[in-house]
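A.B. asks: Have a look at the structure that comes next, please.
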Amino acid sequence: MTRKLFGTDGVRGRANSYPMTADMALKLGAAAGRYFRRDQKEHRVVIGKDTRRSSYMFEYAMTGGFTSTGMNVFLLGPVPTPAVGMLTRSMRADVGVMISASHNPHHDNGIKFFGPDGYKLSDAAEAEIEEMVMGEVDLARPENIGNAKRIDDALGRYMEFAKTAFPRQRLLEGLKVVVDCANGAAYKAAPMVLWELGAEVIPVGVSPNGFNINEGCGSTHPDTAAQAVVANGADVGICLDGDADRVMLIDEKGRVADGDQIMGLIAQQWSASGRLAHDTLVATVMSNMGLEKHLEGRGMTMLRTNVGDRYVVEAMRKGGFNLGGEQSGHIVMRDYVTTGDGLIAALQFLGALVQSGKTASMLSRVFEPYPQLLENVRYGDGPDPLENAAVQQAISEGEAALASSGRLLIRKSGTEPLVRVMGECEDAGLLKQVVGDISAAVRAAA
């Protein structure tokens, strides 16, 4: 079956346009409810959301869908995505839902599903739910319709859980920390956790109005936090995205450290203390070659997967690995969480900062990255640009040019109509030429 609804990270699109309509959310809730409700026992679903205006609409629609099939709904309110995974398990729910389009602008939204183990659903489970959406869902009898209840302390439960990732015997006293919450789901939790651990907190992006999520702030716009770090003489900056499942770090000089650098630091520390399972880090094909070479030089291995944190997690579970993530800032630490968690990853870095006594700039530059260039080319509703003969020729020529000193990765985004053209090469000039030629060919064919 060809998947029409689910992409690499749930269902996502522009709010009030197919597939992100209230009607489709209702159908998804009913289909997922029927998929997980296989007997007459009590069945539960937890639903979290970010701060987009449209998240209210989808929350109500999905509640209607789930209760129509007999599921009892627990509404968490605005919480980070990892909180949904954690609370799905702790509340013994059959399914968890996060309503969010992550780092996308406010006019987009999405629906992510978590299974009873707190992990995102498999491709097979999503395909079965999608098939049920396209058919008729068997609704519950009137006496079996589910109910809905708000959980007032959901955020507090997550905050207490997040603090367990920071060494119990240590505090953040004396540290001045900028935290940019992207006007998103962690706008309350992240500053409060850092303050409770003793830091002097300078909050940024903590005034959501339904329309300003990720707008000029957060992990996709780290310059805002960088300016705040320098202006306030802060020791470190933390940039989360709209649903707080990814993070970028800022050192005291205002320089950005991406997910590769953060993973490199955590892997190095965990390996030294014997915590890194099989001395292996799981990353995607987007991670920098410099990280791979750095790990190999220290007796560690980097296992690459397709792009998407769900594929990283699948490889981690299959191989028994406990650390993985993406260059974009998804850091998955299975000792703590089932999905990317920007706040807990930041706490790992802050723990290293306190323990080592070093500055953020000394810790956040773990390896020297290969020059890497990424261009995103938007395409329309016409033919697939990657099937175009001129594009394929440009890619072949680029691969030949980089064969001995770098690599190319050309792929379509799973969440937006973009072709991502990424290359790495020790020769920055050659890299710019190759990526530019391929991007121009894609743009002409788009």
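The values are calculated or read from the model by the stated rules, or taken from the named source; none is laboratory data. Predicted model, so just to flag it, every value in this text is computed and none were measured. Positions of Cβ are backbone-derived with ideal geometry, glycine not excepted, and every protein chain shown enters the neighbour counts. The accessibility values were calculated without ligands, DNA or RNA, using every heavy atom of the protein model including side chains. Shrake-Rupley method; radii C 1.70, N 1.55, O 1.52, S 1.80 Å.
A.B. asks: Just from its helices, what would the mean residue ellipticity at 222 nm be for the chain, if runs of 4 or more DSSP H residues each count -39500 (n - 2.57) and the sum is divided by every residue, rounded to the nearest 500 deg cm²/dmol?
C.D. replies: Counting only the DSSP helices, I get -11500 deg cm²/dmol.
A.B. asks: Summarise the long-distance tail of P(r) for segment 113-180 by giving the % of C-alpha pairs beyond 13 Å.
C.D. replies: Result: 82 percent of Cα pairs exceed 13 Å.
A.B. asks: So, one more: Which whole-Hz ³J(HN,Hα) couplings does segment 8-18 yield from phi under the Karplus relation 6.51 cos²θ - 1.76 cosθ + 1.60, θ = phi - 60°, glycine and proline marked x?
C.D. replies: Karplus-based 3J(HN,Hα) across segment 8-18 equals 6, 9, x, 9, 8, x, 6, 4, 6, 10, 4 Hz.
A.B. asks: Quick one: net charge of Gly436's neighbours, Cβ under 13 Å, K/R +1, D/E -1?
C.D. replies: The answer is -1.
A.B. asks: Related question: Looking at the chain, send over the antiparallel percent of its DSSP beta bridges, to the nearest 5. Write down the numbers at each step before the final one.
C.D. replies: Details: 35 of 64 bridges.
Percentage antiparallel, nearest 5: 55.
A.B. asks: Net charge near Ser100: determine it from the other residues with C-beta under 10 Å of the C-beta of Ser100, scoring Lys and Arg +1 and Asp and Glu -1.
C.D. replies: On the way: positive: Arg12, Lys49, Arg52, Lys112; negative: Asp9, Asp50, Asp108, Asp241, Asp243, Asp245.
That works out to -2.
A.B. asks: Return the sequence-ordered ³J(HN,Hα) values of segment 138-146 in whole Hz as given by the Karplus equation 6.51 cos²θ - 1.76 cosθ + 1.60 applied to θ = phi - 60°, using x for Gly and Pro.
C.D. replies: Once θ is set to phi - 60°, the couplings for segment 138-146 become 6, 7, 6, 5, x, 6, 10, 4, x Hz.
A.B. asks: If you don't mind, another one. Please tell me which of these pairs span more than 19 angstrom C-alpha to C-alpha: Lys4/Lys412; Lys253/Lys358; Lys49/Lys412; Lys120/Lys412; Lys188/Lys358; Lys49/Lys112?
C.D. replies: Details: Lys4/Lys412 15 Å; Lys253/Lys358 14 Å; Lys49/Lys412 27 Å; Lys120/Lys412 22 Å; Lys188/Lys358 28 Å; Lys49/Lys112 10 Å.
Violating the 19 Å limit, Cα to Cα: Lys49/Lys412; Lys120/Lys412; Lys188/Lys358.
A.B. asks: Given axes a ≥ b ≥ c from the Cα gyration tensor, I'd like to know whether segment 183-265 is rounded (a/c under 1.5), prolate (a/b larger than b/c) or oblate.
C.D. replies: Values: a/c = 1.37, a/b = 1.21, b/c = 1.14.
Rounded.
A.B. asks: On the accessible surface of the chain, probed at 1.4 Å, how many percent belong to carbon and sulfur atoms?
C.D. replies: Numbers: 8790 of 18070 Å².
On the chain, the fraction of accessible area on carbon and sulfur atoms equals 49 percent.
A.B. asks: In the neighborhood of Leu172, defined by Cβ-to-Cβ distances under 12 Å, what is the net charge if each Lys or Arg adds +1 and each Asp or Glu adds -1?
C.D. replies: -1
A.B. asks: Which residue fluctuates the most in the chain, going by a Gaussian network model with Cα springs under 10 Å, if the choices are Thr51, Thr415, Thr339?
C.D. replies: Greatest mean-square fluctuation among the candidates belongs to Thr415.
A.B. asks: Using only the Cα atoms of segment 322-367, build the gyration tensor, take square roots of its eigenvalues as a ≥ b ≥ c, and label the shape rounded, prolate or oblate: rounded if a/c is under 1.5, else prolate if a/b is larger than b/c, else oblate. Numbers along the way, then the final one.
C.D. replies: Details: a/c = 2.56, a/b = 1.66, b/c = 1.54.
The shape class here is prolate.
A.B. asks: Around Thr305, which amide H atoms from residues at least 5 apart in sequence, or from another chain, sit under 5 Å from its own amide H, with H modelled in the peptide plane?
C.D. replies: When sequence neighbours closer than 5 places are left aside, the close amide H contacts are Ala283, Thr284, Val285.
A.B. asks: Which one, Gly210, Gly436, Gly297, has the greatest fluctuation when you compute a Gaussian network model over the chain with C-alpha springs under 10 angstrom?
C.D. replies: Answer for the Gaussian network model of the chain: Gly297.
A.B. asks: Multiply the residue separation of Asn147 and Glu173 by 0.36 nm, subtract the distance between their alpha-carbon atoms, and state the gained length in nm to one decimal.
C.D. replies: Working: separation 26, 0.36 × 26 = 9.36 nm, distance 4.49 nm.
Using 0.36 nm per residue and subtracting the Cα-Cα distance, I get 4.9 nm.
A.B. asks: Using θ = phi - 60° and the Karplus relation 6.51 cos²θ - 1.76 cosθ + 1.60, list the HN-Hα couplings for segment 363-379 in order, rounded to whole Hz, with x at every Gly or Pro.
C.D. replies: 8, 8, 10, 6, 9, 8, x, 5, x, 9, 10, 10, 10, 9, 10, 7, 10
A.B. asks: Let me ask something else. With a 1.4 Å probe and every protein chain left in place, work out the accessible area per residue of segment 394-446 in Å², rounded to a whole number. Mind dumping the intermediate values first?
C.D. replies: Working: 2370 Å² over 53 residues.
On a per-residue basis, 45 Å².
A.B. asks: Answer with one residue from Leu249, Cys181, Gly380: the one whose Cα lies farthest towards the positive end of the charge dipole of the chain, charges on Cβ with Lys, Arg +1 and Asp, Glu -1.
C.D. replies: Cys181
A.B. asks: Given His107, Met86, Leu171, which one lies farthest toward the positive end of the charge dipole of segment 59-203, if we put +1 on the Cβ of every Lys and Arg and -1 on the Cβ of every Asp and Glu?
C.D. replies: Working it through, the farthest residue towards the positive pole turns out to be Leu171.
A.B. asks: Let me ask something else. When the chain is modelled as a GNM with alpha-carbon springs shorter than 10 Å, which of Glu200, Glu130, Glu160 fluctuates the most?
C.D. replies: Most flexible of the set in this elastic network: Glu160.
A.B. asks: Note down the magnitude of the dipole of segment 54-150 about its Cα centre, charges +1 on Lys and Arg C-beta and -1 on Asp and Glu C-beta and zero elsewhere, to the nearest 20 debye. Kindly include the intermediate steps, with their values, before the conclusion.
C.D. replies: Details: 7 positive and 12 negative charges, 124 e Å.
Dipole about the Cα centre, nearest 20: 600 debye.
A.B. asks: Name the residue from Ala234, Ile395, Gly274 whose Cα lies farthest towards the positive end of the charge dipole of the chain, charges +1 on Cβ of Lys and Arg and -1 on Cβ of Asp and Glu.
C.D. replies: Gly274
A.B. asks: Would you kindly find the accessible area of His221, with a 1.4 Å probe and non-protein molecules such as ligands, DNA and RNA excluded, rounding to the nearest 10 Å²?
C.D. replies: That residue has around 80 Å² of solvent-accessible surface.
A.B. asks: Another question about this same structure. Any idea what Rg and Dmax come out to for segment 269-346 if you just take the C-alpha atoms, in Å?
C.D. replies: 11.4, 29
A.B. asks: Search the structure for amide H atoms under 5 Å from the amide H of Met20, placed 1.01 Å from N in the peptide plane, and list their residues when 5 or more places away or on another chain.
C.D. replies: Arg14
A.B. asks: Let me ask you something else. Would you work out the charge dipole size for the chain about its Cα centre, treating the Cβ of every Lys and Arg as +1 and the Cβ of every Asp and Glu as -1, and quote it to the nearest 20 debye? Could you put the intermediate results ahead of the total?
C.D. replies: Details: 46 positive and 54 negative charges, 181 e Å.
It works out to roughly 860 debye.
A.B. asks: Rolling a 1.4 Å sphere over the protein heavy atoms, what is the accessible area per residue of segment 57-143, to the nearest Å²? Spell out each step's value before the answer.
C.D. replies: Working: 2840 Å² over 87 residues.
Per-residue accessible area for segment 57-143 comes out at 33 Å².
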